[in-house]
Amino acid sequence: MIEAFKVGVQKHVAALWLTYVKRGNAMETTFIRKLPGVVKSLEEDEQVCGAVLAAQESQCSVGLDLIGMGAELGPALAGGSCGK
């Protein structure tokens, strides 16, 4: 399993650094599952006033990893429930 991102806080701003460089920082299953918990912990941290999603490479993210998320997205798309 990959580590989806690393979190750092400096001067009241949290940086969520994307760490899946070899796949263009694609937002895959691990990222989608861990992001809500990380955001919640940052919201509860009184030292954090804002957050930035960033990458250290030339591209921030290629977007959602549709192939990697296929098993989870497939049933929703096949059942016609997408967008409802």
Can you give me the angle between helix 29-44 and the longest principal axis of the chain, using Cα atoms only, in degrees from 0 to 90, rounded to the nearest 10? 30 degrees
Please name which of S41, A51, M27 has its Cα lying farthest along the dipole of the chain towards the positive end, using unit charges on Cβ (Lys, Arg +1; Asp, Glu -1) and the Cα centre as origin. M27
Would you calculate, for the chain, the mean residue ellipticity at 222 nm contributed by helices, counting each DSSP H stretch of 4 or more residues as -39,500 (n - 2.57) and dividing by all residues, to the nearest 500? -9500 deg cm²/dmol
Can you give me the P(r) profile for the chain? Cα pairs, bins 10 angstrom wide beginning at 0, each as a whole percent. 16, 40, 30, 12, 1
How large is the charge dipole for region 5-74, taken about the Cα centre, if only the Cβ atoms of Lys, Arg (+1) and Asp, Glu (-1) carry charge, to the nearest 20 debye? 200 debye
Would you work out the relative contact order for region 5-74, in percent, from Cα pairs under 8 angstrom that are 6 or more residues apart? 41 percent
What distance in nm lies between label points placed 7 Å from Cα along the C-beta direction at V13 and T29? 3.5 nm
May I ask you to compute the full-extension gain from V38 to A54, defined as 0.36 nm times their residue separation minus their alpha-carbon distance, rounded to one decimal in nm? 4.3 nm
DSSP beta bridges in region 5-74: the antiparallel percent, rounded to 5, is 50 percent
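Quick note: the coordinates plus some simple rules give every number you see, no bench work behind them. These numbers were taken from a predicted model, which means no experiment stands behind them. Here Cβ is always computed from backbone atoms with ideal geometry, including for glycine, and neighbour counts include all displayed protein chains.
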